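Written below as structure tokens is the structure these notes are about.
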Amino acid sequence: MKKDTITIDDLMDKVDTYIKDSKEREKILDAYYYAKEKHTGQYRKSGEEYITHPLNVALILTSIYADYECLQAALLHDVIEDCDVNIEEFKEKFGPTVYKLVDGVTKLSKLHFSTDNEYLVEYYKKIIVGMSEDVRVIIVKLADRLHNMRTLWATPVEKQKKKSKEVLEIFAPLAHHLGIHKIKSELEDLSLRYLKPTVFYDIADKLNKTKAERDTYVYEMQEEVSDLLNLHHIPHQIKGRAKSIYSIYNKLDKGKKFSDIYDLLAIRILVDTEQDCYLALGLIHSKFRPLPKRFKDYIAMPKPNMYQSLHTTVFGIDGYLFEIQIRTYEMDEIAENGIASHWAYKENGGSTKTANLQSVTTQKLQFFKEIMELSNDKMSSEDFVNSVKDEVLNNNIYVFTPKGDVFELPKGSTPLDFAYKVHSKVGETTVGALVNGNIVPLDYELKNNDIVKINTNKSAHPSKEWLNIVKTTGARNKIRSYFSKNEKEVLIERGKDFLEKELRKRKIPLNEFYSEDKIKEVYKNLKIDNLDDLYYDIGSNKHTSNTVINITYGEKVIEQPKLLKNIVKISDTASDIIVDGIDKIKVSIASCCKPVHGDDIVGYITRGNGITIHRSTCRNLASMDDRCIKVSWDSTPTNKYYSDLLIRTDTLDNKLADITSAASKISVSINSIKTISREEYATYEMEVVVKDLEHLNKLILDLNNLPYITSVERLIQ
Ligand code: MN
């Protein structure tokens, strides 16, 4: 049993080791005296004075170098709930930040609901609110729960089990995802002790019995490795490494035998630089044969909770297997304290530190982004809780892209889940998957450390069958929304087709029908305000094409079509174009599809305005078919050509600088560039000036090679 009766002096001794500002220390003491007074006369179930609990919670937090506000909140965390406290007075005394932290923690312990499920829903929501406002709320709560778990022996068995289950379901995974290994592994060991005492004590017993023997081997191995590194002048420290009982339990639970667990013999090497990590690894591998497939480079590919280290297993002295971790001191700090290692930024002023901790949380932790995404999805509270629990917090596997990016997925995920997680566009165009170099079916169950390559095809699209395959809510929602969007798109497409066929049949020029005053009359008449709705109404048979056309044209048929001069931009490109059999004719480039020298082109004979040149893929040509004429390019271009590009990215970061520099590298000038969408990801529209098609294609290729660019398209207006 841990010694629980600590005093404020014990706490302050710890605080003094890293909080140097005397005002901050003063504030911690203030909080202590206030809490002590408020808790006077209250006792813990263990029989001790109540104040020992907040003191211990604060002490736990000093082990991860929590800041003074966090320590104040720890000392005060139970006064609002348990004591008669005037909230205004509290805010006045300790300030709004500490109040918010205490209030956040209080709200987490104050939930009472009739059913377990209702309770969980509220719990998760509160955790998410707490975390998104100030991650310190969750860190204080973790320390609070850890101390309660340490003193759980004083509560009835039934409550012990309930609390322990909750810890394994919620708190240990939270600590894991925040990277606070210290707190996570103690929480897990304590839970196992209450949930399965026989197993727990059995493992502890076996570990103790083999300890002396293991220590000898570990010591010898440490010496050998240390000599090796000294010989090559790599400054280092080596630690033996105690394995947590819970992690051994997990391996035994998966069917391993106690004697087979490799990492019972484990050492950790700490060095100064990343380069030394790899040097040390090379030296070790050259002396001790590595066990195949056990090497992991989490330095180049950090885990989603920011963990970095090299892992390898080698045949060490006497042929025993040793698990070796190699990392820098800084990586070790992050491995132990995770997000909490980011308080230590030595900036002045508390707010800067907090902002830092919070911004690391929101920017760097994948699980945080995921929870936020889920909370934005429209789903029932129950689905939400299950998704957070099953897909974000528990039972996760790590898989890699061929480039080595790590993705965390729930157990049971398929290549499709992975594809959708990489990007919805990747998901939607998936045609196959390779895992570790082998072709697998799309419903293959991914395993930890699989390397997954997704094959895509631009013209491929999702299948409804996928809904039965995917495991994650994220992928399922994206597939569903694809289909609901797509069905609408199909009807819009069909409506447009119907309408324009009818217009051609009646020889009504499209640009006239769509001209502003005419189309406004149509909108007004049908009580709509955009073309998509118009097409949709026709496509879904709400109105026939003729009814729509008759709004502005009546029943009459127009004989003489007016011409499409609006879409034509005059330029003197004549010298680059050869029109069969005709000399000296006015030629201009169509501004709808902007062909560049080298494109497949078609000429269109306008009335009185010469010939306009379109790309053969331009959809405006479809309505002008009977006036088309064969044209071709002169062999060498003399003009400059304009082209409109639509550039899609998978980021919201501003990439304009990168894009423009890619263009200027190959002497493409940019006429205009603008961001046209910032909803989910940034999309840009850019008009460039190029020599010819080859020049343009080179630009498109270079842009496509930028990692965050998902597609580059030439626009046809
Ligand atoms: Mn408490």
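Return yes when Glu445 is in a helix (DSSP H, G or I) and either of a type outside the set (Val, Ile, Thr) or under 19 Å from Asp405 (Cα atoms) (or both) and no when it is not. Working first, answer last.
Details: in a helix (DSSP H, G or I): no; either of a type outside the set (Val, Ile, Thr) or under 19 Å from Asp405 (Cα atoms) (or both): yes.
Here the answer is no, as Glu445 does not meet what is asked.
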Flag if Leu11 is within 29 Å of Glu166 (Cα to Cα) and of a type in the set (A, V, I, L, M): yes
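Please state which one of Gly427, Gly495, Gly474 is in a helix (DSSP H, G or I), more than 24 Å from the chain's Cα centre (by Cα) and small (Gly, Ala, Ser).
Exactly one residue qualifies, and that residue is Gly495.
With Lys45, Lys38 as the choices, which residue is among the charged types (D, E, K, R), surrounded by 18 or more Cβ atoms within 10 Å (Cβ to Cβ) and either within 16 Å of the ligand (Cβ to nearest atom) or within 19 Å of Lys141 (Cα to Cα) (or both)?
Details: Lys45 fails: surrounded by 18 or more Cβ atoms within 10 Å (Cβ to Cβ).
Checking each option against the conditions leaves just Lys38.
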Test for Leu281: is it touching a helix residue (DSSP H, G or I) at 6+ places or on another chain (Cβ under 6 Å), open to solvent by less than 30 Å² (accessible area, probe 1.4 Å) and either more than 21 Å from His181 (Cα to Cα) or at pLDDT 90 or above (or both): no
Check on Lys501, of a type in the set (D, E, K, R) and in a loop (DSSP other than H, G, I, E, B): no
Test: residue in segment 101-110 that is open to solvent by 50 Å² or more (accessible area, probe 1.4 Å), out of contact with any Ser or Thr (no Cβ under 9 Å at 6 or more places or on another chain) and in a helix (DSSP H, G or I): yes
Selection count, segment 73-111, where residues are within 16 Å of the ligand (Cβ to nearest atom) and without any contact (Cβ under 8 Å) to a residue 24 or more places away in the chain: 3
Long-range neighbours under 6 Å by Cβ, at least six apart or interchain, first residue part of a helix (DSSP H, G or I) within segment 511-523, second of a type outside the set (Val, Ile, Thr): Asn511/Leu564; Asn511/Asn566; Glu512/Lys562; Phe513/Leu503; Tyr523/Asp529
Criterion violated by Val490 - all others in (1) part of a helix (DSSP H, G or I); (2) modelled with pLDDT of 85 or more; (3) loosely packed, with under 15 Cβ neighbours inside 10 Å satisfied: (2)
Index of the failed condition, Leu146 passing every other in (1) open to solvent by 10 Å² or more (accessible area, probe 1.4 Å); (2) under 26 Å from Lys196 (Cβ atoms); (3) within 11 Å of the ligand (Cβ to nearest atom): (1)
Subset of segment 209-228 [without any contact (Cβ under 8 Å) to a residue 60 or more places away in the chain and in contact with a helix residue (DSSP H, G or I) (Cβ under 6 Å, 6 or more places away or on another chain)]: Leu228
Identity of the residue in segment 150-169, within 16 Å of the ligand (Cβ to nearest atom) and under 32 Å from the mean Cα position of the chain (by Cα), that ends up surrounded by the fewest Cβ atoms within 10 Å (Cβ to Cβ): Glu166
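The values are calculated or read from the model by the stated rules, or taken from the named source; none is laboratory data. Given the structure is predicted, the values throughout are model-derived calculations rather than measurements. With ideal geometry, Cβ positions are generated from the backbone for all residues, glycine too; neighbour counts draw on all protein chains shown. Note: accessible area is taken over every heavy atom of the protein model, side chains too, but ligands, DNA and RNA are not part of it. Shrake-Rupley method; radii C 1.70, N 1.55, O 1.52, S 1.80 Å.
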